[in-house]
Every structure is written in C-alpha cells, then in structure tokens.
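The values are calculated or read from the model by the stated rules, or taken from the named source; none is laboratory data. Just so you know, these numbers come straight off a predicted model, no measurement behind them. Glycine also receives a Cβ, built like all others from the backbone with ideal geometry; neighbour counts cover every protein chain displayed. Keep in mind that these areas ignore ligands, DNA and RNA; they rest on the heavy atoms of the full protein, side chains included. Shrake-Rupley method; radii C 1.70, N 1.55, O 1.52, S 1.80 Å.
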Amino acid sequence: MIAQSATRIREQIDQFSGNLSRGLCKVARRFVGEAIYGIQARQSVHLTQIGRSLGESVPLAKTENRLSRNLARPEVREVLRGALLREGARRVESETLLVLDLSDLVKPHAKKMENLARVRDSSEKEIANGYWLCQVIGVENGGREITPLYGELYSQEAEDFVSENSEVLRAIRAVSGSCGRRGVWVIDRGGDRRELFDELVPQEAGRRFLIRQKGDRHLLLGSRKGSALAAAQDCPRPYATTIVREERDQEKTYRLEYGFREVRLPEHPGVRLWLVAVTGLGSEPMMLLTNVPMRTNRKVVWWAVSAYLTRWRIEETIRFGKQSCQVEDVRVLAYERLRNMVVLVTAAMFFAAVVLGTKAKLEILASHVYKAARRLFGIPDFRYYALADGIKEILLRFPRPPSPPPPKNSLAQLALFVT
C-alpha cells in the first residue's frame, strides 16, 4: 500500500507542477517539477538534497549545477506566483479571511548572500542579517484548512525595492486581482498605517478588512477626536466568551469581554468604520478596526473577534512553512534564486495543504500519509507537520525513477559556482 501511495503522490506532484508551470519552456517546467518533488521528498531547500532526491545517473555536482542555473530564471517566480493565485482564488469565498503576514528569514551568519539586509528577528527579538517575507494565506473563520496564496521574499537593499508599504500593497493588489472583492483582509498591528487605510478604506475599492490597532491612532467619535486606545477603554463590552488557547504545550483559559462602537478616520471622515474592543488577553484592550458592519448582535461581533483569533493560528502555518522545508537554512547566494525558492516553497505548501489534503479522491492517500508520519505521541492537532513528515517518509522509501538526462544544449554554459 505504501508503494501505491508513493506512486500516487508522485503522479499528483507531476500533475500539479505541470499545471503551475504552463507558459514556461520545457526545461524550466522540468525544473519546477523536480524542485517541488525534491522539497517534498527531503523537506529541504538545499539544492544538494533536492538533487539527491532525483537519483540521476550523472554526478551530483552536475545535477546541482543544473538546478542552480534554472533557479536563476526570473520568469519562474512570475509564472508560478500567478498560477498559484489563480488556483487558490477558486477556494476564496465571500467571508474567507485573507491573512497577510510580514515575517523574517534570518541568516545571522551569512556574509556573501546578495542584498543581505538588517531585519528584526521575531524569535530572538533582536536585529540580525536576513530578508523579509510577505505572505498571504486564506482560511475560513474558525477553520483549519489553509490556502497559501502568496509568498514573496524582499530586501530593502535590493535595487528595485521601494518601501515596505509598496511590498504590502503589491501583495494586496495581486491577491485582490485574482479574488476580486471576495474575502476579508486580516492584518496584525503592522497593518495600522495610513498607506494601507488609503488603499482599503475608500468604498469604491470594495475591500473589507479587519486590522489590529496599536492604540495611538486618532479616530473620530462623532465630531470628537481621540486615540483608539481611549475609545476602546470607554467602549461598552456587553458580551463575554471563554476560550482555551494552547501556549507552550499547555492549555490556558481566557475570559473575553467584547463590544464595538462606530468610529471614522480623520483622513476618511465620510466612511463608517467600527472599532471592536476585546479585554481579557492582556493589560490593554485588543483593538480591531473594521469596515465590516457591526450591530448589537453577539454573533456578528464574535465574528470579528474570532476572525482575529483565527489569524493567530495562521502564525503556526508560517512556522510550518519555514520549519518543514528548513527555509531559514537556504544556502543559495543570489537574490533572484532566493526569491524563486520562496515561491517554490509556497507551491510545496499549497500541494500539501490543498491538493493532497482536501480533494475527495485523495482522502485514502492522505490517510496513508498520516500513518507514515513517525510521531511518538500521535498526530498533533496541526496536522500539516504530520502530512509533510509522511510525504517525506513515503518518497524516501519509494523514490521516483531516475529522470533521463536533459537534452544537450550547446548554448548552455555550466555555472562556475553553485549559488
């Protein structure tokens, strides 16, 4: 049965990568399929590990050189990103949450990586060398099935870099271009900036949002202006709900009290907004600014609160993408290769989370994958880790047959160094 599962996984990867890479030349399409397969089979972004997974008869160094050359193709990122958006947009409904996350890829010991920048290491809470990541993941409110929609690496040291706002707006416009007016943007406190509100608030934009506030932004309450924090502290909170959150492998209970009030932004006084205030999670209220209409109904207000709580779970998804493929251990040096690798990892996540995990015809296959994951205490609630482990286990035991050597190209030059 495991051998059959391995065959079906390989077939699905081939079909998935073939659909994604339409529009690329034959050599580039082959590379995309091999890269997605190798990332899955070895849970690694090392070109050496991806090369080993292919089992070619030529020396590994030649395989690695070939992979490196193709990883430098700028068209790979554009074609794959567009294809992932088109495929993922089919799963975005009217109320789907579009979770935008800004995170980091830290390379503390790197010296020669191109456009290496200074970033804030979110885990160590310090400044280190690395790159920024902008990702968008779709998820239903209160749900667990994810849809990776967008993943982009960028650096403020790159020649084409404009600003962080520009990168965020590019992501929003790209996803909105595929999803239309469907979905609700959910962004952490990093989204509390005028440039984003100027993009999202105008009614003609047709984009709904829920953005956590820092507390220092001025809001209009009627004709009176005050800080978001003061408005939240004075906000009536008639509703209460108890939740259980897992923290450091322990469950912790919180009693939340919440309510809302109508507000407006001084920069957009003609647009009605609502400030949802939640207490019970810290010393200050959690403040959520939204253009989704609120009313005195527990279910309506809880929708906004639970939407942001769902965003918290997506942080685990971001860690899944980094850890399951060892993204922070990436060793390519060229900026274009780094950016392409992030899009390939996003594609690998999409395969594990969407193609393999939700199609009815693959339910039996997925059950075999879960069983193959070797875990001492069973499958964790966040099952994508187990899914990634299972795919690796199966493909290691039953690898793909060696690919035939690529056709000789007299114009192709071997890279002198693998970067």
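Taking the Cα atoms of the stretch 1-78, the ratio Rg/Rh between the radius of gyration and the Kirkwood radius comes to 0.97. Over the chain, DSSP H runs of length four or greater, each weighted -39,500 (n - 2.57), average out per residue to a 222 nm ellipticity of -13000 deg cm²/dmol. Ratio of Rg to Rh for the stretch 164-312: 0.97 [Cα atoms; Kirkwood radius as inverse mean 1/r over pairs]. Across the stretch 132-146, coupling constants 3J(HN,Hα) worked out from phi with the 6.51/-1.76/1.60 Karplus curve, θ = phi - 60°, read 9, 10, 10, 10, 10, 10, x, 7, 7, 4, x, x, 10, 7, 9 Hz, and Gly and Pro carry x.
Hydrodynamic analysis of the stretch 22-162 uses the Kirkwood radius over alpha carbon pairs. Inserted into Stokes-Einstein at 4 °C and 1.567 mPa s, it gives a translational diffusion coefficient of 74 µm²/s. For the stretch 223-237 versus the stretch 104-129, the spacing of their alpha-carbon centroids is 38 Å.
Rounded to the nearest whole Hz, the Karplus-based 3J(HN,Hα) values (6.51 cos²θ - 1.76 cosθ + 1.60, θ = phi - 60°) of the stretch 212-224 follow the sequence 6, 9, 6, x, 9, 6, 7, 10, 9, 10, x, 9, 9, with x at glycine and proline. Accessible surface comparison of His109, His218, probe 1.4 Å, protein chains only, largest first: the order is His109, His218. Local charge for Asn291 was computed over the other residues whose Cβ lies under 10 Å away, with Lys and Arg +1 and Asp and Glu -1, and equals +3. Working note: Cα gyration tensor of the stretch 198-274, eigenvalues times five, square-rooted, sorted largest first, giving semi-axes of 29, 16, 11 Å. Running Debye on the chain with equal point scatterers at the Cα sites and no solvent, what base-10 log of I(q)/I(0) appears at q = 0.06, 0.08, 0.12 Å⁻¹? For the chain, the Cα-only Debye profile gives -0.27, -0.48, -1.02. Could you tell me which of rounded, prolate or oblate describes the stretch 125-194, using a ≥ b ≥ c as the square roots of the eigenvalues of the alpha-carbon gyration tensor, with rounded for a/c under 1.5 and, failing that, prolate when a/b is larger than b/c and oblate otherwise? Because a/c hits 1.5 or more and a/b exceeds b/c, the stretch 125-194 counts as prolate. Cα centroid distance between the stretch 263-318 and the stretch 143-167, in Å? Cα centroid of the stretch 263-318 versus Cα centroid of the stretch 143-167: 24 Å apart.
Counting only heavy atoms of the protein chains and using a 1.4 Å probe, Asp234 has close to 110 Å² of accessible surface.
Once all protein chains are placed together, Lys125 keeps about 130 Å² accessible to a 1.4 angstrom probe.
The loop-placed GluC sites (Glu not before Pro) in the stretch 90-121, going by DSSP, that have at most 12 neighbouring Cβ atoms within 10 Å of their Cβ come out as Glu93. All other residues whose Cβ lies under 12 angstrom from that of Pro402 are scored, Lys and Arg at +1 and Asp and Glu at -1, for a net of 0. Restricting the calculation to Cα atoms, every distinct pair contributes to the Kirkwood radius of the stretch 268-354, found to be 16.5 Å.
Placing pseudo-labels 7 Å out from each Cα toward the beta carbon at Lys299 and Phe398 gives an inter-label distance of 4.7 nm. Here Glu126 sits with roughly 100 square angstrom of accessible surface, probe radius 1.4 Å.
How much net charge surrounds Ser57 when only other residues with a Cβ under 14 Å from its Cβ are counted (Lys, Arg +1; Asp, Glu -1)? Combined, the nearby Lys, Arg, Asp and Glu give +3.
Note down the relative contact order for the chain as a percent, whole number, built from C-alpha pairs under 8 angstrom at least six residues apart. The normalised contact order for the chain reaches 21 percent. The largest accessible area among Arg73, Arg298 belongs to the first residue in Arg298, Arg73, and the rest follow in falling order (1.4 Å probe, all chains). Sorting Phe161, Phe16 by solvent-accessible area of protein heavy atoms yields Phe161, Phe16, largest first, with a 1.4 Å probe.
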